[in-house]
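Have a look at the structure below before the remarks.
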Amino acid sequence: MRYPPEPWHLRGSAVISVFRVPRGLVPSGHLPAGARLITLAGNTFVAVAFVTYAPGSVLSYDELLVAAPVWDRGSPAVSVPQIWVDSESSRDGGRELWAIPKQLARFGEGSSIAAVAVTGGLRLPGGWRFAGPTAQRLDGRDVRTHAAMSGRIRLVRTGWLIPAGGPLGYLTGRTPLVSVALDDMRLTFGQAR
């Protein structure tokens with residue numbers, strides 16, 4: 001096997017910004033049959049995250065992703081229309097286990113996808129936990145699983161540099177509604193079968 005079996009237990013840090021985007025601009029080929037993007041007045045709200053999974057994780061790698069809220073099987077879920085990683089094992093595992101459309105990328109200076117700068121930081125009290133279902137479609141295969149994430153949250157300011165001609169060009173020039181940094185992050189993705 002080229003990647004670890006599920007569930008994946010990961011730890012690290014993340015920067016997450018939420019953008020309001022016209023529904024028609026958000027890719028939808030990742031949605032399972034019957035699922036639809038959740039919209040408000042013709043817009044959906046996507047989270048763009050840059051994540052570093054550190055040693056102590058089942059795999060160590062960096063990741064840039066877009067996540068969108070969806071209505072699936074009568075309840076809310078999260079779906080990932082776009083995602084890049086710098087690990088072949090992560091790419092292969094994400095695609096084969098959960099139908100997440102991971103692609104390989106290099107991050108850092110000169111990235112053709114996106115870069116983010118973070119300033120400030122107002123720590124919110126306590127620890128935070130988020131958990132729920134995910135819903136994906138890739139290569140004609142629908143996969144639903146579960147994710148749980150926890151950590152300490154700081155409200156931050158972000159400056160995203162997103163090339164207009166790149167795969168995230170629909171976010172170019174948009175200002176995030178809110179941005180947070182997630183420290184001491186723990187993520188469990190997938191379910192043991």
statement: For the range 24-36, the count of residues that are surrounded by 19 or more Cβ atoms within 10 Å (Cβ to Cβ) and either β-branched (Val, Ile, Thr) or within 16 Å of the chain's Cα centre (by Cα) (or both) equals 3
task: Looking at (1) on the phi < 0 side of the Ramachandran plot; (2) free of Cβ contacts under 8 Å to residues at least 12 places away in the same chain; (3) small (Gly, Ala, Ser), find the lone condition where residue 90 falls short.
output: (2)
message: Being within 16 Å of residue 48 (Cα to Cα), touching a helix residue (DSSP H, G or I) at 6+ places or on another chain (Cβ under 6 Å) and either free of Cβ contacts under 8 Å to residues at least 24 places away in the same chain or surrounded by 12 or more Cβ atoms within 10 Å (Cβ to Cβ) (or both): is that true of residue 100 here?
response: yes
message: Given the options 112, 75, 60, name the one that is at negative phi and modelled with pLDDT under 95.
response: 112
message: I'd like to know if the range 85-94 contains one or more residues that are closer than 13 Å to residue 134 by Cβ and either among the acidic types (Asp, Glu) or surrounded by fewer than 20 Cβ atoms within 10 Å (Cβ to Cβ) (or both).
response: no
statement: Reported set for the range 10-38 where residues are in contact (Cβ under 8 Å) with a residue 40 or more places away in the chain and outside any strand (DSSP E or B) is 25, 26, 27, 28, 29, 30, 31, 32, 33, 35
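On the basis of being touching a residue at least 24 places away in the same chain (Cβ under 8 Å) and out of contact with any helix residue (DSSP H, G or I) (no Cβ under 9 Å at 6 or more places or on another chain), does residue 56 make the cut?
In short, yes.
Quick one: would you say residue 63 is surrounded by fewer than 20 Cβ atoms within 10 Å (Cβ to Cβ) and of a type in the set (D, E, K, R)?
The answer is no for residue 63.
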task: Scan the range 81-100 and give yes if some residue there is closer than 23 Å to residue 115 by Cβ, assigned to a strand (DSSP E or B) and touching a Phe, Trp or Tyr at 6+ places or on another chain (Cβ under 9 Å), otherwise no.
output: yes
statement: Checked pairs for the range 106-117, first of a type in the set (Ser, Thr, Tyr), second surrounded by fewer than 17 Cβ atoms within 10 Å (Cβ to Cβ), C-beta under 8 Å and 6 or more apart or across chains, list as 112/163; 112/166
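The values are calculated or read from the model by the stated rules, or taken from the named source; none is laboratory data. All figures in this text were calculated on a predicted structure; none of them were measured in a lab. Reconstructed Cβ throughout: ideal geometry from the backbone, glycine too, with neighbour counts over all protein chains shown.
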